[in-house]
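The values are calculated or read from the model by the stated rules, or taken from the named source; none is laboratory data. Note that the coordinates shown come from a computational prediction; the quantities given were computed from them, not determined experimentally. Glycine gets a Cβ as well: all are built from the backbone with ideal geometry, and neighbour counts include every protein chain shown. Remember, those area values only see protein heavy atoms, side chains included, never the ligands or the DNA or RNA. Shrake-Rupley method; radii C 1.70, N 1.55, O 1.52, S 1.80 Å.
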Amino acid sequence: MEPIVATNSQASAKQFSCQGCGNALHITHPRAQVVACQYCGAVLDATSETHQIITRLGAPEKFQPYSFIEVGKKATLDGKTYQVMGRTRWKMQYEEFWREGSESGYSTEIWLYDEWLLMDERRTYLYLVEDKEGYWISYEITPDQPMTLDHSLRLAFFQNHGINIVQEYGEADIVYFEGESNYHLHKGDRISFASYSFKGDMYIVESRLNKQGEVTEVEFFRESPISRMALLEAFGEQETIQSLDDQRVIWSFVRLVSLVVGVVMSLLTILSFGPGKTAYEKEVMVSAIGQEGYDLDDFKIPAKGLYKLKISLNTIANNSQAYLMAYIMDSSEEVLNTVEGEFYHESGVDDEGSWSESELSETMLFRAEGPGAYTIRLFADAGGAANSAATVTLYQDIMLTRYVLIGAILAFLIVWMAQNRLKQLPAYTPYRFK
């Protein structure tokens, strides 16, 4: 069925006072059955001269629209200009179909949505359905094979649709209304519904129920999704569109810069695992060190920065230990840092075969505050390394791995945040009436 078209010509707005609060109201189209007062929430009969109050559905301030759409705004859809005539908020309790792997079933859900009534100059009506997840254009259809919900939970309104699983079924109640409506509204009005999905659209059968739960009317609808950007364009919200475009450019730039920084930091992290450039190296017999200390030749540190000091043993007797300690001093014999290690080599045979393990080196980082002459002092408990040589190596051009690693993680975290923000920004998908 095509959207309902009224044949009477355009009439001027009818003005009167609200019977509830006295504020001025007006009726735009002659087929309006009820009109809501935007000041007190009263719903008045639009078909009589007295405009008596039919019901009150709630204070307007408690039921604000979800987005920019308002009663009275105009939109251009499919080359036609529509005006928003009214809004009905429905609260539905329904069963929703789910499937996980080989299992499926229905879960009970509660949801709120707005149904906007739109009318063009020829009195053609359609509905714009809105909830917190998006928008759908809804209009009446005439099915080839009208069906209502039965125990099989399968529906198909057209022969070429086959038989489809019911995606949702349940009931919905009116909780609020504003503007004008082409049908009477009463507190407690309820619909029962069932829907199925076919090629991206939802096909819905709605049964209007009276207070006794009896069906008074059955209607069939087709709902097609419409993107927020297409809707903003239809309503002429150019400032909002420009703001969203600007955000898209900014977040795309943030994502690109963060990605580049993250890649660079990742490469630096890999490079920082290297030993650095050798600035000084000296080998000395462990037996010559002793427990009273042994000073290596003075050496010069070329520049302020981060350095790494490493002490290692060339060999150690099997199943033995040795202790080495080194600290580095500046020219005033102030200790900058210390490195020490318990070195060992152990081996043997067990049920799993031969095994061996050892620890023959230790490192530490220190920061030199400037160039100058420095001294390294060694101490040793030779143990099984009395006939071994100890090597002391100083490396320069050292990077702190944890800082560049943290930098890489933060950069990729920003990339992830920017990507999520871009996904949240509405994409433009042009809408076409089908």
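What to note about this one:
- Those strands (runs of 3 or more DSSP E) of the range 189-232 in which at least 3 residues are in contact (Cβ under 8 Å) with a residue 60 or more places away in the chain, considering only elements entirely within it, cover 201-209, 215-226.
- Being over 25 Å from Lys277 (Cα atoms) and loosely packed, with under 15 Cβ neighbours inside 10 Å holds for only one residue in Glu334, Glu346, and it is Glu346.
- Taken over the range 365-398, residues that are at pLDDT below 85, touching a Leu at 6+ places or on another chain (Cβ under 6 Å) and open to solvent by less than 40 Å² (accessible area, probe 1.4 Å) amount to 2.
- Tally of residues being open to solvent by 60 Å² or more (accessible area, probe 1.4 Å) and at pLDDT 90 or above across the range 170-188: 1
- From the list Thr401, Thr429, the lone residue that is under 30 Å from Tyr139 (Cα atoms), open to solvent by 30 Å² or more (accessible area, probe 1.4 Å), modelled with pLDDT under 85 and of a type in the set (Ser, Thr, Tyr) is Thr429.
- Hits in the range 105-125 (condition: over 22 Å from Gln38 (Cβ atoms), open to solvent by less than 60 Å² (accessible area, probe 1.4 Å) and at pLDDT 90 or above): Gly105, Ser107
- Arg87 vs. criteria crowded, with 17+ Cβ neighbours inside 10 Å, basic (Lys, Arg), touching a Pro at 6+ places or on another chain (Cβ under 9 Å) and assigned to a loop (DSSP other than H, G, I, E, B): no
- Among the residues making up the range 310-341, those that are out of contact with any helix residue (DSSP H, G or I) (no Cβ under 8 Å at 6 or more places or on another chain) and closer than 17 Å to Ala389 by Cβ are Lys310, Ile311, Ser312, Asn314, Met325, Ala326, Gly341.
- Residue in the range 253-270 that is touching a Leu at 6+ places or on another chain (Cβ under 8 Å) and open to solvent by 70 Å² or more (accessible area, probe 1.4 Å) present: yes
Quick grid of which residues meet (1) surrounded by 14 or more Cβ atoms within 10 Å (Cβ to Cβ); (2) modelled with pLDDT of 85 or more:
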position	(1), (2)
Pro275	no, no
Glu281	no, yes
Ala288	no, yes
Leu313	yes, yes
Met329	yes, yes
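- Subset of the range 69-106 [within 23 Å of Ala42 (Cα to Cα) and hydrophobic (A, V, I, L, M, F, W, C)]: Ile69, Val71, Val84, Met85, Trp90, Met92
- In the range 60-84, of all residues being touching a Phe, Trp or Tyr at 6+ places or on another chain (Cβ under 8 Å), of a type in the set (D, E, K, R) and closer than 21 Å to Val34 by Cβ, the one that is least open to solvent (accessible area, probe 1.4 Å) corresponds to Lys73.
- Selected residue (only one of Ser243, Ser224, Ser195 is open to solvent by 10 Å² or more (accessible area, probe 1.4 Å) and either farther than 30 Å from Glu61 by Cα or of a type outside the set (Phe, Trp, Tyr) (or both)): Ser243
- Filtering the range 290-311 to residues that are farther than 21 Å from Glu342 by Cβ, surrounded by 14 or more Cβ atoms within 10 Å (Cβ to Cβ) and under 48 Å from the mean Cα position of the chain (by Cα) leaves Gly305, Leu306, Tyr307.
A quick yes/no check of all residues on (1) under 27 Å from the mean Cα position of the chain (by Cα); (2) over 30 Å from Leu149 (Cα atoms); (3) touching a residue at least 12 places away in the same chain (Cβ under 8 Å):
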| residue | (1), (2), (3) |
| --- | --- |
| Val84 | no, yes, yes |
| Glu100 | yes, no, no |
| Thr108 | yes, no, yes |
| Trp116 | no, no, yes |
